[in-house]
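A short write-up of the structure that comes next.
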Amino acid sequence: MESSDLTVVLVPCVMTAIVVEMIWSHVRGKGVYNAKETGANLAIFLGGQLIKPASLAWQILVLGLVSSLSPWQWDHSPATYLFTFLATDLAYYWAHRVQHEVKALWTVHLVHHSSPWMNLTTAFRINWLSPFIGIFFYLPVAALGVPPQAIGVALTINLAYQFFTHTEAIGTLPLVEGILNTPSAHRVHHGSNAQYIDKNYAGVLIIWDRLFGTYEPEVEPVRYGITTGFQGHNPFRLVFHGFVDLVTGKL
């Protein structure tokens, strides 16, 4: 299965989940949605889709080149896809962690954290430059000779799984907390509370956070957003203000 095939299946699931969460928020009076903020999230998503042909072509070019130079070549067996999923998930952990710890990369990633609301549309807040930069973190996987298609499928599954962690509608899941990235674990990741900052970088398996010492359970209520304050609803400001702050010394 290609990553494009997975996307076709996922789109109706994503839209249905958002509608269900909106109904839940309204009925329960949770207030997890703000109209202007949701509009900004969707605008950022639309911008990403408009440049997706270019970003996808770039990713395929880079991964394909590195994979073709490898002395090893993997087939398209289930074992290959399983290995690729695990290797890509580990690479995602480090890509995500480095984007938090390196200031120049944080300028790209911070848009994802700048919302003071947590709902499924928050997952859409991906900087338009991220696909062009982030793909370099997966070159070690490609260098093993793994087919680019397998990496594409693994990344699609990884990001699709993470979409469903951006919610307050699901509490803790005792049987899997500390093994899988859950909504509870990812709420911690989006927290600006002192004890929550730079924790829980996982994509799917949060065992990486346990292994590398960045796991933090959800204990106190989460304050969402970034420590530099609310940045408004303008999608262009949200995407680019990190770069401005870096240049002007505010970051």
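The values are calculated or read from the model by the stated rules, or taken from the named source; none is laboratory data. Nothing here was measured: the structure is a model prediction, and the numbers come from that model. Counting neighbours? That spans all protein chains shown, and the Cβs are built from the backbone with ideal geometry, glycine included. Just the protein is used for accessible areas: all its heavy atoms, side chains included, with ligands, DNA and RNA removed. Shrake-Rupley method; radii C 1.70, N 1.55, O 1.52, S 1.80 Å.
General remarks:
- Restricting attention to segment 196-230, the residues that are open to solvent by 20 Å² or more (accessible area, probe 1.4 Å) and either more than 20 Å from the chain's Cα centre (by Cα) or of a type outside the set (D, E, K, R) (or both) add up to 19.
- Filter result for residue 169 (open to solvent by less than 10 Å² (accessible area, probe 1.4 Å) and either within 25 Å of residue 107 (Cβ to Cβ) or over 13 Å from the mean Cα position of the chain (by Cα) (or both)): no
This table checks each residue for (1) open to solvent by 60 Å² or more (accessible area, probe 1.4 Å); (2) modelled with pLDDT under 95; (3) touching a His at 6+ places or on another chain (Cβ under 7 Å); (4) under 18 Å from residue 153 (Cβ atoms).
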{"residue": "23", "(1), (2), (3), (4)": "yes, no, no, no"}
{"residue": "28", "(1), (2), (3), (4)": "yes, no, no, no"}
{"residue": "35", "(1), (2), (3), (4)": "yes, no, no, no"}
{"residue": "73", "(1), (2), (3), (4)": "yes, yes, no, yes"}
{"residue": "88", "(1), (2), (3), (4)": "no, no, no, yes"}
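- Any hit, segment 169-178, residues being among the hydroxyl-bearing types (Ser, Thr, Tyr) and either touching a His at 6+ places or on another chain (Cβ under 9 Å) or farther than 24 Å from residue 71 by Cβ (or both): yes
- A count restricted to segment 159-196 and to residues that are among the aliphatic types (A, V, I, L, M), within 13 Å of residue 219 (Cβ to Cβ) and touching a residue at least 12 places away in the same chain (Cβ under 8 Å) stands at 2.
- Number of the exception - residue 186 against (1) touching a helix residue (DSSP H, G or I) at 6+ places or on another chain (Cβ under 8 Å); (2) open to solvent by 10 Å² or more (accessible area, probe 1.4 Å): (2)
- Within segment 100-150, being open to solvent by less than 10 Å² (accessible area, probe 1.4 Å), assigned to a loop (DSSP other than H, G, I, E, B) and under 30 Å from residue 168 (Cβ atoms) holds for 114, 115, 118, 119, 125, 127.
- Sub-6 Å Cβ pairs linking a first residue in segment 144-158 that is closer than 9 Å to residue 88 by Cβ and touching a residue at least 12 places away in the same chain (Cβ under 8 Å) to a second residue that is among the β-branched types (Val, Ile, Thr) and part of a loop (DSSP other than H, G, I, E, B), at least 6 apart or interchain, are 158/204, ordered by first then second residue.
- Residues located in segment 33-43, provided they are farther than 22 Å from residue 11 by Cβ and of a type in the set (A, V, I, L, M): 35
- Taking the criterion of being under 27 Å from residue 27 (Cβ atoms) and touching a helix residue (DSSP H, G or I) at 6+ places or on another chain (Cβ under 9 Å), the only residue of segment 190-215 that qualifies is 190.
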